[in-house]
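I have placed the structure first, in the form of structure tokens, so that the comments after it can refer back to it.
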Amino acid sequence: QVQLVESGGGLVQAGGSLRLSCAASGSIFKINSMGWYRQAPGKQRELVATITSFISGDSTNYADSVKGRFTISRDNAKNTVILQMNSLNSEDTAVYYCYLDCVHRPFGVPSRYWGQGTQVTVSS
């Protein structure tokens, strides 16, 4: 019903920047939240950043490890979430997964969808 297509991963030197993008398509009535998780080898998947829609506006949330370095934003017209990652270090190396929480109809039950993941590798 919903597809998420991620782009922007790759190899970057420590101190560099990358921009991840995730575009959602399909049967979406309303997006409640979008964001990014990551999973490094041998570790559990962890939250990176989220952006949640409220009547008063969007609210963002970041993992402590990325605060001040990563910025999450949304392009509502394109159902896209963007993660700007600056000052990258080796601990940021992981597969980054986009997610989307949405409803498919008014008063519908929210569903979560995941992207396929994009590799981010930071070389020291």
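The values are calculated or read from the model by the stated rules, or taken from the named source; none is laboratory data. Not measured: the values here are computed from a predicted model. Here the Cβ is made from the backbone with ideal geometry for all residues, glycine too, and neighbour counts use every protein chain on show. For the accessible areas, the whole protein counts, side chains as well, though only heavy atoms, and no ligand, DNA or RNA atoms are used. Shrake-Rupley method; radii C 1.70, N 1.55, O 1.52, S 1.80 Å.
Looking at SER65, SER87, SER53, SER25, which is the one that is small (Gly, Ala, Ser) and touching a Lys or Arg at 6+ places or on another chain (Cβ under 7 Å)?
Answer to the selection: SER87.
Would you please name the residue that is nearest to LEU11 (Cα to Cα), looking only at residues in the stretch 81-124 that are assigned to a loop (DSSP other than H, G, I, E, B) and small (Gly, Ala, Ser)? Spell out the reasoning first.
Start the filter on the stretch 81-124 by keeping residues that are assigned to a loop (DSSP other than H, G, I, E, B), which leaves 86-89, 93, 104-110, 115-117, 124.
Narrowing further to those that are small (Gly, Ala, Ser): 87, 108, 115, 117, 124.
Values: SER87: 14, GLY108: 40, GLY115: 19, GLY117: 15, SER124: 11 Å.
The residue in question is SER124.
Determine, yes or no, whether ALA49 is touching a strand residue (DSSP E or B) at 6+ places or on another chain (Cβ under 8 Å), farther than 22 Å from VAL5 by Cα, free of Cβ contacts under 8 Å to residues at least 60 places away in the same chain and of a type outside the set (S, T, N, Q).
Numbers: touching a strand residue (DSSP E or B) at 6+ places or on another chain (Cβ under 8 Å): yes; farther than 22 Å from VAL5 by Cα: no; free of Cβ contacts under 8 Å to residues at least 60 places away in the same chain: yes; of a type outside the set (S, T, N, Q): yes.
Answer is no for this residue.
Would you confirm whether or not the stretch 63-73 contains a residue that is of a type in the set (A, V, I, L, M), in a strand (DSSP E or B), open to solvent by less than 40 Å² (accessible area, probe 1.4 Å) and closer than 17 Å to GLN116 by Cα? So that I can check it myself, show each step before the final result.
Of the residues in the stretch 63-73, the ones of a type in the set (A, V, I, L, M) are 63, 66, 72.
So of that shortlist, the ones also in a strand (DSSP E or B) come out as 72.
Filter once more, so that each one left must be open to solvent by less than 40 Å² (accessible area, probe 1.4 Å): 72.
From what's left, closer than 17 Å to GLN116 by Cα: none.
No, because not a single residue in the stretch 63-73 is of a type in the set (A, V, I, L, M), in a strand (DSSP E or B), open to solvent by less than 40 Å² (accessible area, probe 1.4 Å) and closer than 17 Å to GLN116 by Cα.
Where in the stretch 1-45 are there strands (runs of 3 or more DSSP E), lying fully within it, with 2 or more residues that are surrounded by 14 or more Cβ atoms within 10 Å (Cβ to Cβ), within 16 Å of the chain's Cα centre (by Cα) and of a type outside the set (Lys, Arg)? Break it down stepwise before answering.
Values: elements: 2-7, 10-13, 18-26, 30-39.
Strands (runs of 3 or more DSSP E) meeting the threshold: 2-7, 18-26, 30-39.
Here is a check on your reading of the model: is ILE55 β-branched (Val, Ile, Thr) and open to solvent by less than 50 Å² (accessible area, probe 1.4 Å)? Outline the logic, then answer.
Numbers: β-branched (Val, Ile, Thr): yes; open to solvent by less than 50 Å² (accessible area, probe 1.4 Å): no.
The answer is no for ILE55.
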